[in-house]
Every structure is written in structure tokens, then in C-alpha cells.
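Worksheet for the structure shown next.
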Amino acid sequence: MKKIALLTSGGDCQSLNATMRGVAKTLYQSSKDIEIYGILEGYKGLIYGNYKKMEPSDFSGILTRGGTIIGTSRQPFKYMQIPDDNGLDKVKAMKATYKKIGLDCLVVMGGNGTHKTANLLREEGLNVVTCPKTIDNDIWGTDMTFGFQSAVDVATTAIDCIHTTAASHGRVFIVEIMGHKVGWMALHAGIAGGADIILIPEIPYSIDKVIHAIHNRTEQGKAFSILAVSEGAISKEDAELSKKDYKKKLKASPYPSISYRIGKEIEEKTGQEIRITVPGHTQRGGNPCPYDRVIATRLGAAAANLILKEKYGYMVALKNDDIVPVPLDEVAGKLKMVDPDSSIIYEAKSLGICFGD
Ligand code: F6P
């Protein structure tokens, strides 16, 4: 008998259920006697012992469903080692739940923080296999995370819709795109949606360069401009500040997010009418796109195959269209950022897209 638990952690995304279905179908397909458990609401469930036994029928009809059928929560890595209000040692508590169920392996689906905790559990002697989940596409060691393409679809649709209204009114529109500290989503949705200016954290912008690009368009007779701005975009001056000072500055800022600050500056310097659109969590919602369903299913199947071979301590990753195991300790704590000198940036610039640098 093999006992496996599934755990989804951090912000949800569109193909978590497809991944769990991939794991479960592959395990049930094997000749082994399998029991699958669902840890409820991410690491919280593992800490406080909230889990349920899953049945094969739980995995039917979920390939196309967004969100996660076992719930999720945010438990950042740094809080894992801090006892809770009742003095409970969370790491000990997680190990106790694992032992109580009698698990052979925990399959964790999550982003960067989730991977740090998964690696911590591995160091503590638990058998762990992980799958790279996040709309941000910022997990080191994989070419692509599941959830990314579906979120890019939503963000692109938002830019597509803005195009017609921006053109009709001759306005400057800013579409603020999720992505946390990296610009993958803004870069891909910006190119797919035909944005004129793309601002990402990896390429600090000068507001004068942005305004110059808008002026250029006006001179060419184009009354509207569309900016795809990553929520983590940063100006050249701010990029010079220490992390601490920048955090302080953000806290004191009167603007709800970077897009509003950029919008105000453009308005003041150009006199043009500005509108800001924030698709926000719609980018993480809805059903997974076919590409995500495929990689999520493959990653899930690959995770299950590792378990069947009793190969633990790995993240399954997409590399050159193959799914390969990457040691968890190589992944944990690293961020995959957009390389400002990469070919995609070069091509985007050669089209005339302004990055504000
Ligand atoms: O990591 C995924 C993500 O959607 C980021 O792009 C975004 O910054 C963050 O999560 C939002 O988090 P929350 O759902 O906690 O508001």
C-alpha cells in the first residue's frame, strides 16, 4: 500500500486541478495499492491536521476546472519556523500530520515560498515531490510554470478590449499586470496584446523615455497609446534605493499601485487623458487554457512516476519540451527573472516596443 497526499499552496491558478488529476490518474493506473489524501488549505492543513481521504471519483471532471478542489492558503516560509499563537512548532506539527497519516510521499504544488517550505520538509526527512505552479512563471529550474499561459490569456484579453476603447477616445491606457517581482506576464501579454510600452521590474524605466515614446506615437498620428505595466515595475531612481528605503517609499506613496503613479506623471507632463485598468485576480481565475492543461497533466503524471520509482526530493520541470526531475535544494530560494539581454527583449525592442530604458 502506498499513501500519497496532495497539497496546493500559495496563490491559486488555473491548472492546479489538472495537475492533481494527472498525479492521481497515473497512480491509480499503476498496479500498486494506492491511497490518496488531500491536505486542506495548503500547509495550514498539514500544520493543523486538516485532511481528507480522496476517492478516484474526486478527480473526475476536474481537468478544466480552475482553482483547487482542496483549497490553498499563504503560509510564507519565514513564518513556518515561528511557533503559532499557542506556541505550536509548525515544522514539528507538519511532520506529525505526515506521520499520523502514514504517508509515503507528499506532492506539493506551489510557487517560490512553497518550494522553500517543501525543501525544508525534505531536509527534515519527509519524502516530497513538487510541481511548479504560478501565474508568475518565476520558478527557477523550469522553462514554464503551469498557470502562466492561462493568466497571460486573461491579461491579453484585457489589453485586446482596451485597444478598441483607447483608439476610439484617443487616450493613454495603462493595463497593470500581475507577476509579483518579475515581468514574465507583462512581457508576454504586452507582446500578445500589441502594447506600445512594456514596463517590467527587470528593466527599470525612465518616465521621460516613456513620455518620449508616447509623443512619438502622437507625432505619427496615433492618438492613443497602451502601456502594459508589471505590478512590480520600478523607476530607474527607485532601483537605486536600498530595498528598505524603497519599501518605505512605497508605504508612504499616495498611489494604490505603480500604475497610478506612472499615470499621474504622464498626465502632468503631457496633458493627455489617462485611464488605468487593473484586471487583478481575474488573471488567476477561470478555466485553464489547453496548453496549461497539457503541461499540468504531464507534470502531474511525471510526479506520480517519480513516486512509483521512490525517487523523492525533486521538482518536476519542463525543459526543452521534456519533463525532467530537478533536485529541490537547487530550486528553493531562487527566482527566475526576465533577462534584459535575452532574445525576446531584443525582438520586442526591434518592433519598436518601448521598455523605458
Ligand atoms: O503569485 C501569484 C500572484 O497572483 C502574484 O502575481 C500577485 O502579486 C500575488 O499572487 C497576489 O497575491 P494575493 O492573492 O495574496 O493577493
Would you mention how many residues in segment 228-274 are closer than 22 Å to Phe173 by Cα and out of contact with any His (no Cβ under 8 Å at 6 or more places or on another chain)? 27
Per-region count, segment 1-46, residues assigned to a strand (DSSP E or B) and away from the ligand (no atom under 16 Å from the Cβ): 12
Options Ile82, Ile135: the member that is in a loop (DSSP other than H, G, I, E, B) and away from the ligand (no atom under 16 Å from the Cβ): Ile82
Within segment 1-18, work out how many residues are in contact with a Leu (Cβ under 6 Å, 6 or more places away or on another chain) and over 22 Å from Asp84 (Cβ atoms). 2
Do we have any residue at all in segment 228-238 that's hydroxyl-bearing (Ser, Thr, Tyr) and within 16 Å of the ligand (Cβ to nearest atom)? yes
Restricted to segment 47-79 and to residues being within 22 Å of the chain's Cα centre (by Cα) and part of a helix (DSSP H, G or I), the residue surrounded by the most Cβ atoms within 10 Å (Cβ to Cβ) is Phe77
Give, as residue ranges, the helices (runs of 4 or more DSSP H) completely inside segment 241-319 that count at least 1 residues that are within 16 Å of the ligand (Cβ to nearest atom), small (Gly, Ala, Ser) and not assigned by TED's automatic domain parsing to the domain that holds Val129. 258-270
For segment 179-222, what are the residues that are closer than 17 Å to Ala167 by Cα and touching a Ser or Thr at 6+ places or on another chain (Cβ under 7 Å)? Gly193, Asp196, Ile197, Ile214, Arg217
Just checking, does segment 336-349 include any residue being outside the structural domain of His215 (by TED's automatic domain parsing), over 30 Å from His212 (Cβ atoms) and in contact (Cβ under 8 Å) with a residue 40 or more places away in the chain? yes
Go over the candidates Gly194, Gly221 one by one and state the one that is more than 12 Å from the ligand (Cβ to nearest atom), closer than 17 Å to Lys349 by Cα, free of Cβ contacts under 8 Å to residues at least 60 places away in the same chain and part of a loop (DSSP other than H, G, I, E, B). Gly194
List the number of the failed condition for Ile262; all other conditions in (1) buried (at least 18 other Cβ atoms within 10 Å of the Cβ); (2) at positive phi hold. (2)
Segment 85-94 - residue that is loosely packed, with under 14 Cβ neighbours inside 10 Å and assigned to a loop (DSSP other than H, G, I, E, B) and, of those, farthest from the ligand (Cβ to nearest atom): Gly87
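The values are calculated or read from the model by the stated rules, or taken from the named source; none is laboratory data. Everything numeric in this text was worked out from a predicted model, so none of it was measured. For neighbour counting, all protein chains shown are included, and Cβ atoms are generated from backbone atoms with ideal geometry for every residue, glycine included.
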